[in-house]
Amino acid sequence: MQMTSRKIRVLVGKPGLDGHDRGAKTVASALRDHGMEVIYTGLHQTPEAIAEIAAQEDVDVVGLSILSGAHMALFPRVRAELEKRGMGHVLLTGGGIIPMDDMATLESAGYAKLFGPGTPTEAIAKWIQGEMEKRWQAEGAQ
Amino acid sequence: MTIDGSRTEVRAVDARALWQEEFDKAKKRGVEFTSLSGAPLAPLYGPEDARTDFENDLGYPGSFPYTRGVHPTMYRSRLWTMRQFAGFGSARQTNERFKFLLAHGQTGLSTAFDFPTLMGYDSDHAHSLGEVGQVGVAISSLADMEVLMDGIPMAEVSTSMTINGPAPILLAFYIACGERQGVDPKLLRGTVQNDILKEYQAQHAWLVPAEPALRMITDVMGYCAKRVPQWNTISISGYHIREAGSTAAQELAFTLANGMEYVRRGKAAGLDVDEFAPRLSFFFDSHLDFFEEIAKFRAARRIWARKMRDTFGAKDPRSWMVRFHTQTAGVSLTAQQPENNIVRTAFEALAAVLGGTQSLHTNSMDETLSLPTEKAVKIALRTQQIIAEEIEVAHVIDPLGGSYYVEALTNRLEAEAERYFAEIERRGGVVAATEQGYIQKEIHRSAVAYTAAVERASKKVVGVNCYVEDEKGPTIELHKIDPAVEREQHERLAALRKKRDGAKVKRALGDIRDACKSSDNLLERFVAAAHADCTLGEIADVLRAEFGHYKEPKIL
């Protein structure tokens, strides 16, 4: 497999008032161990702030961690704020305490893949790498 | 020892060597023999591993150092309080769940608030969007509190409220609500978590920076000592530290370090230690490592008793006692094969009981997926009832006392906690250590180590990294919050703001602002503001304006 030419840049975000950051920080550390450049927003960020950081840092991926039940409100808002800043191309993913049917709803609405409790960090990293490979290959082919 | 004690000892040594030889020769399973916290475990513990001075280290239940329990009779007089943490949606919905739990034999209430309430925002604040009523009940005013407690006899039921940054404000709503029900504050019983230090360290629902937050805590201690004397003013909590990823030893050490800081602050504020220390209570996690958890509870009692008597000079034995609530470990639950969580919870609950807990919450099997359904909550409550009524474990006090293994673990945890106390001291105390991000880093390090252990399958999790089944979707029914709750809360708040006396509100908020600048007791002002129908967010806005916002240190 062809290695990617540059490091994947990931923003791990905690939107809303949710203070549970064990998952976000563990995933952030794991993605770093997989060679990605990871920026962690810290807690209690508004969707606007997350999109702003994503644009400033020109990230490839935004991962949201939501354990507050507010996922149905927050994913669409972060997506809208990213689009406003010309960041609609970003791979938007995430995880947390999200019931499976909500995950399916969000995924089918185009919010990329979501990861539930118990997902190995390895699987998240591999999935991001795979998606970015595909994107970069498509860009290269153009 | 008898006259030929020395010979007995020689024979014992020989026997041990013989066993060790047999043991070393035998084939072992290819797994890591460590505790859940990653500590190496011997295959066998004997008297040489558990050097314990019965009188000084164990003693009798109800007497110093309380290793064996805080009451002389423990569960022979009274079982632990079965207290299921509940709260979701509107005050009306949670009030119905409370009544359901009381009708099924629960003996105390425990309130979960939603994130806006936990962070001091009203339900109609922009930051509250999508969060109202999601992980707990939305309480923005005294009017909401009145609905929450409607038809519940506040003089009889004890109520625990899991709230921290805005704890003094919610306590004010509760006191005012009692007054409107005609209940003298002296009769109110319950607990407000009010443990801000572990918020900065682990749980992360804060309102203002540490110094003003600690001042409000001493205000609560001072006010309650005189006016709400049966109220537990702080529940010093290890639960969130553990859930955030700490080891058992870290949970123990950081919790007690926080507790000692509150005692220092209370004394510095001019309170007599024996006036407020008896109203401090504790809250621990009960995780999956059965014996390590039991040892942790025992060590907590022993350490605290020693510190309170010998370091802080408390004279009242009630100041020496760790009375604690326990919750089974939410993080131990799996989204995969969720029914298995009933079994995990049962083992954790049993450890809490054998460790001498005063009250217990058992998690429901569906909590990695959503808030629990009524059915799941009932099974969780029944789990406690089975432990209490069927398996005969509650008859004997500290049944594992004297176990070489449990005593060795108890000693080890105490020693590990002492090492952390020394390190925290070296860093300038627990507030400094938290502001430096030291405690957060320690917790994060343990969380990452545990995740790595699960991912390389050296720690096994049934359904996750062994005995995995292909699951298509949730196999159990889930509890969902109706988004209409948020809209209804907006309407309730709009109606309240319209009908209340605006001049009274302004005056009450002005009084709070003045008290922030002086050393007047803030809780007293909050109670007055509650009666004037000031909202949580309005009161919290004054505090944020006067005291500023907390900024978390960057650790990643």
Check the straight Cα-Cα distances from B:K554 and name the lysines below 29 Å, setting aside those fewer than 8 residues away within the same chain. A:K7, A:K14, A:K25, A:K84, A:K113, A:K126, B:K198, B:K441
Determine the distance separating the Cα centre of the range A:27-67 from the Cα centre of the range A:121-135; give it in Å without decimals. 15 Å
With a Förster radius of 25 Å, plug the Cβ-Cβ distance of B:V454 and B:E425 into 1/(1 + (r/R0)^6) and report the FRET value to the nearest 0.05. 0.15
Rounded, prolate or oblate: pick one for the protein assembly as shown, where a ≥ b ≥ c are the square roots of the eigenvalues of its C-alpha gyration tensor, a/c under 1.5 means rounded, and failing that, prolate if a/b is larger than b/c, else oblate. oblate
Quick calc, the range A:9-141, dipole around Cα centre from Cβ unit charges on Lys, Arg (+) and Asp, Glu (-), nearest 20 debye, gives 100 debye
Quick check: the distance between the Cα centres of the range B:115-194 and the range B:249-292, to the nearest angstrom? 23 Å
Helix-only mean residue ellipticity at 222 nm, chain B, DSSP H runs n ≥ 4 weighted -39,500 (n - 2.57), per residue, nearest 500. What is it? -15000 deg cm²/dmol
Between B:A126 and B:R445, what is 0.36 nm times their sequence separation minus the Cα-Cα distance? Round to one decimal in nm. 111.4 nm
Quick one: grab the alpha carbon gyration tensor of the range B:124-279, order the square roots of its eigenvalues as a ≥ b ≥ c, and give me rounded if a/c is under 1.5, else prolate or oblate depending on whether a/b is larger than b/c. oblate
Exposure rule at most 15 other beta-carbon atoms within 10 Å, DSSP loop GluC sites (Glu not before Pro): chain B longest free segment: B:157-338
Within 10 Å of each Cβ in A:60-67, the average number of Cβ atoms from other chains: 1
Subtracting the Cα-Cα distance from 0.36 nm times the residue separation, let me have the gained length for B:F54 to B:C466 in nm, one decimal. 144.1 nm
Nearest 100 Å² is fine: how much accessible area is buried between A and B, summed over both sides, with a 1.4 Å probe? 2900 Å²
Which value, in debye to the nearest 20, describes the size of the charge dipole of chain B about its Cα centre when Lys and Arg Cβ atoms bear +1, Asp and Glu Cβ atoms bear -1, and nothing else is charged? 760 debye
Accessible area drop of at least 30 Å² (1.4 Å probe, protein heavy atoms): which residues of the range B:355-383 qualify, relative to the chain alone? B:T368, B:L369
Can you pull the semi-axes for the range A:9-141, root of five times each eigenvalue of the Cα gyration tensor, sorted largest first, whole Å? 20, 17, 15
Rounded, prolate or oblate: pick one for the range B:414-556, where a ≥ b ≥ c are the square roots of the eigenvalues of its C-alpha gyration tensor, a/c under 1.5 means rounded, and failing that, prolate if a/b is larger than b/c, else oblate. oblate
The protein assembly as shown - charge dipole about Cα centre, Lys and Arg +1 at Cβ, Asp and Glu -1, debye rounded to 20: 800 debye
Gained length - B:K554 relative to B:A17, 0.36 nm times residue gap less alpha-carbon distance: 188.2 nm
Residues in the range A:11-31 that a label on A:A49 would reach, taking backbone N under 19 Å of a point 7 Å out along Cα→Cβ: A:11-26, A:28
B:K28: which lysines have alpha carbons under 20 Å from its alpha carbon, excluding same-chain residues fewer than 8 sequence positions away? B:K459, B:K460
The range B:36-87 versus the range B:482-543: alpha-carbon centroid distance in Å: 44 Å
Could you compute the FRET efficiency for B:D150 and A:M72, with r as their C-beta to C-beta distance and R0 at 35 Å, rounded to 0.05? 0.70
Charges on Cβ only, +1 for Lys and Arg, -1 for Asp and Glu, centred on the Cα centroid of chain B; of B:S332, B:N258, B:L371, which one is farthest towards the dipole's positive end? B:N258
Residue range of chain B that is longest and free of chymotrypsin sites (Phe, Trp or Tyr not before Pro) which are both DSSP loop and sparsely packed (at most 13 other C-beta within 10 Å): B:34-466
Pairs of Cα atoms under 8 Å, at least six residues apart: use those to get the relative contact order of the range A:9-141, whole percent. 24 percent
Positive-end residue, the protein assembly as shown charge dipole about Cα centroid, Cβ charges, pick of A:A49, B:T311, B:P116: B:T311
Just name one of B:G89, B:I424, A:G94: the one whose Cα is farthest towards the positive end of the charge dipole of the protein assembly as shown (beta-carbon charges, Lys/Arg +1, Asp/Glu -1). B:I424
For A:R6 and B:R487, extending 7 Å from Cα along the Cα-Cβ vector and measuring point to point gives, in nm, a value of 4.6 nm
Which value in nm describes the separation of the simple spin-label points at B:E477 and B:E418, placed 7 Å from the Cα toward the beta carbon? 5.5 nm
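The values are calculated or read from the model by the stated rules, or taken from the named source; none is laboratory data. Treat the numbers as computed from the prediction; the structure is a model and nothing was measured. Don't worry about glycine lacking a Cβ; one is built from the backbone with ideal geometry, like all the others, and counts go over all protein chains shown. Each accessible area value is taken on the protein alone, full model and side chains, heavy atoms only, with ligands, DNA and RNA left out. Shrake-Rupley method; radii C 1.70, N 1.55, O 1.52, S 1.80 Å.
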